[in-house]
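The values are calculated or read from the model by the stated rules, or taken from the named source; none is laboratory data. Values in this document were obtained by computation on a predicted structure and should not be read as measured data. Cβ atoms come from the backbone with ideal geometry, glycine included; neighbour counts cover every protein chain shown.
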Amino acid sequence: MKNQISFPKYSGSICSMLALTAVLFYPMVVQAEKIGSVSTKFKMLGANDKIVVEAFDDPDIRGATCYLSRAKTGGVKGVVGIAEDTSDASIACRQTGPIALSNEIKSGDADGDEVFKKSTSFLFKSLQVVRFYDRKRNVLVYLTYSDRIIEGSPKNSISTIPIMSWR
């Protein structure tokens, strides 16, 4: 006689509810749109090293768009996906439509919220963008930096969006 495992009658619907809950509460991953790239170093094997320019919209603030330029390592390791990109990055954010801030952002409770994250190595290193609100000047401030579990990088860049009326 074979060993059989029996599941309760409603196990399928419970699994479906758990999967739906995981999807709803899992933070949305902001995907950047590639705008273009330039080669910076020729590689005999694999892709060249590049500077990549990408754009992403702030997931919490409609009308705020950031443009990020970052280093991308090529070569065989880059093609395979095990290369570690340098921590060099630059950011420029602009108002691209009307902006309305939530009370959480206006109060400063959302200061330091991550609005973008991209892995820059096979393990443990990422490029992040976080947002702050300068209430006194009515300005959004975006900071990009690279971090690693053991040792981060002090290389960083900021950009600001003064909030203006939109016509």
- Item | Selected residue (criterion: surrounded by the most Cβ atoms within 10 Å (Cβ to Cβ)) from residues of region 85-110 that are of a type in the set (D, E) and closer than 27 Å to A71 by Cα | D85
- Query: Looking at (1) touching a strand residue (DSSP E or B) at 6+ places or on another chain (Cβ under 6 Å); (2) modelled with pLDDT under 90; (3) hydrophobic (A, V, I, L, M, F, W, C), which is the only condition V115 fails?
  - Reply: (2)
- Item | Yes/no for Y133 being more than 21 Å from K41 (Cα to Cα), within 15 Å of the chain's Cα centre (by Cα) and touching a residue at least 12 places away in the same chain (Cβ under 8 Å) | no
- Conditions: (1) crowded, with 17+ Cβ neighbours inside 10 Å; (2) at pLDDT below 95. A64 meets all but one. Number of the miss? (2)
- When you scan region 88-100, how many residues do you find that are more than 12 Å from Y142 (Cα to Cα) and either among the β-branched types (V, I, T) or modelled with pLDDT of 95 or more (or both)? 5
